[in-house]
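Inspection log for the structure reproduced underneath, given as structure tokens.
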Amino acid sequence: MRILIVGGGGREHAITWALARSPQRPELFIAPGNAGTQRLGTNVALAPTDNEGLLAFVQQEAIDLTIVGPEVPLVNGLVDVLEAEGHAVVGPSAAAARLEGSKAFSKAFMAKYHIPTASYRTFSAGEIAAARAYAEAQGAPIVIKASGLAAGKGAIVCATLAEAYAALHQIMEDRAFGAAGDEVVIEAFMEGEEASVFALTDGERYVLLPPAQDHKRIGEGDTGLNTGGMGAYAPAPVITGGLLTQVCREIIEPTLAGMMQEGCPYRGVLYVGLMMTSEGPKVVEYNCRFGDPEAQVLLPMIANDWVTVFDKLAHRQLQDVRLETAVGAAACVVMASGGYPESYQKGYAITGLDDASRIDDAVVFEAGTRQKGDQVVTSGGRVLAVSAWGDHLQEALDRAYAGVERISFKDATFRRDIGQKGLNR
Ligand code: GLY
């Protein structure tokens, strides 16, 4: 089978790696990929946003299956373009990807289908006075969100009303997120521990992956600026079996039924970001794809042949899929460039990759890397993640950190407390 993976981050390296392990020996193409994916398949110099270029590639190269990793091409309608020409794709249509692409849409959707989430109101570009008045009436802490895609930076948690007014000004007047801030959602702050549930769905049926937990802040103890995610682990014990059943009944199933009723059935990977509040699980946000770095722990945990799983998903045959978990726990630790998530230098040589990959039950997933001659060099903020697995979380973490110790590049930074919340439970 000839498979195209769209994207170039750690998540796409993990997808490529999971497919490369298949006994079906698929031929893999990654657009654009990174230095890690290049060792498993063929990197293709096409941007994930180039719908026409990707369609032409799928047609010219007789690609059997396309898997779309990041949110931007999904929201841009890549799946619609490929499916219109009869190609098999894993990912939601643009209309379904609005669950991530428009917070105004997703909040109205949750209200309509009685899916538990924070109370909210939406304001459009010219309504800053009304938005300020609403924030004032609600009081702090409060959350201000740009409705559109903002590379993970569009949700601002405000401890005081002054911060809320500043966030509204930044989004609505300074246009810090451009058109993503054409609508603004103001929502109540939710207290609790965050975790994520991932469902693979063909629109009607779904199968669940183990619940996972990301580490969004750059600093240990969840301090400092938000990042794309500095590490993850699964299963996340904050979501017990009973709570997972509740998430399915109150959130996943009404979401799939609601999207069907809206005329845009949701197919692909549904990522539900949850807050485990004292009133039960509530939706923080939906995402229309695998999490990054959650994919780097979830894909290795599953014993199934991922070529078959993705193929069944694309062909809406999920009744044939029963996921088997291969290990007790998995964890990954992200190594980032010094200065990330603000400005950082690129082009530093990375050493120790092969050494780290020799650790049993561990793998290095590259993200911001580039091949320069015979060296792999840094080329992004999140440079790579060491993923590892074992019978239990401590074992997985020990292996992941052993890998991190073997890798170095100038100014490398990583968190030393990945998985701590899970260990503490
Ligand atoms: N782990 C955060 C994200 O993928 O958006």
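The values are calculated or read from the model by the stated rules, or taken from the named source; none is laboratory data. This is a predicted model, so every value here is computed, not measured. In this analysis, Cβ positions are derived from the backbone assuming ideal geometry, glycine residues included, and neighbour counts consider all displayed protein chains. Each accessible area value is taken on the protein alone, full model and side chains, heavy atoms only, with ligands, DNA and RNA left out. Shrake-Rupley method; radii C 1.70, N 1.55, O 1.52, S 1.80 Å.
Side notes on the structure shown:
- Lysine-lysine proximity count for the chain, Cα under 28 Å, sequence distance 8 or more or distinct chains: 29
- Only protein atoms count toward the accessible area here, which uses a 1.4 Å probe; on the range 77-212, the carbon and sulfur part of that area reaches 52 percent.
- Choice from Gly373, Gly224, Gly41 with maximal GNM fluctuation in the chain (Cα, 10 Å cutoff): Gly373
- Here the convex hull built on the C-alpha positions of the range 342-399 has a volume of 83 cubic angstrom per residue.
- Loop sites in the range 114-205: GluC sites (Glu not before Pro), DSSP, at most 16 other Cβ within 10 Å: Glu191, Glu204
- Cα gyration tensor shape of the chain, rounded if a/c is under 1.5, else prolate or oblate by comparing a/b with b/c: rounded
- The residues of the chain expose, per residue, 39 Å² of accessible area to a 1.4 Å probe.
- Length added when fully stretched, Gln170-Asp355, from 0.36 nm per residue minus Cα-Cα: 62.1 nm
- Three-way shape call for the range 118-254 based on the alpha-carbon gyration tensor, with the a/c threshold at 1.5: prolate
- Charge dipole (the range 294-394, unit charges on Cβ, about Cα centre) - positive-most of Gly347, Gln375, Val363: Gly347
- With all projection directions averaged, the alpha carbon convex hull of the range 47-194 covers 10.3 nm².
- Net charge dipole size for the chain [Lys, Arg +1 and Asp, Glu -1 on Cβ; Debye, nearest 20]: 220
- Tensor-based shape of the range 215-270 (alpha-carbon gyration tensor, a/c under 1.5 rounded, otherwise prolate or oblate): oblate
- Taking Cβ atoms as reference points and 12 Å as the exclusive limit, the residues near Ser22 contribute a net charge of -1, counting Lys and Arg as +1 and Asp and Glu as -1.
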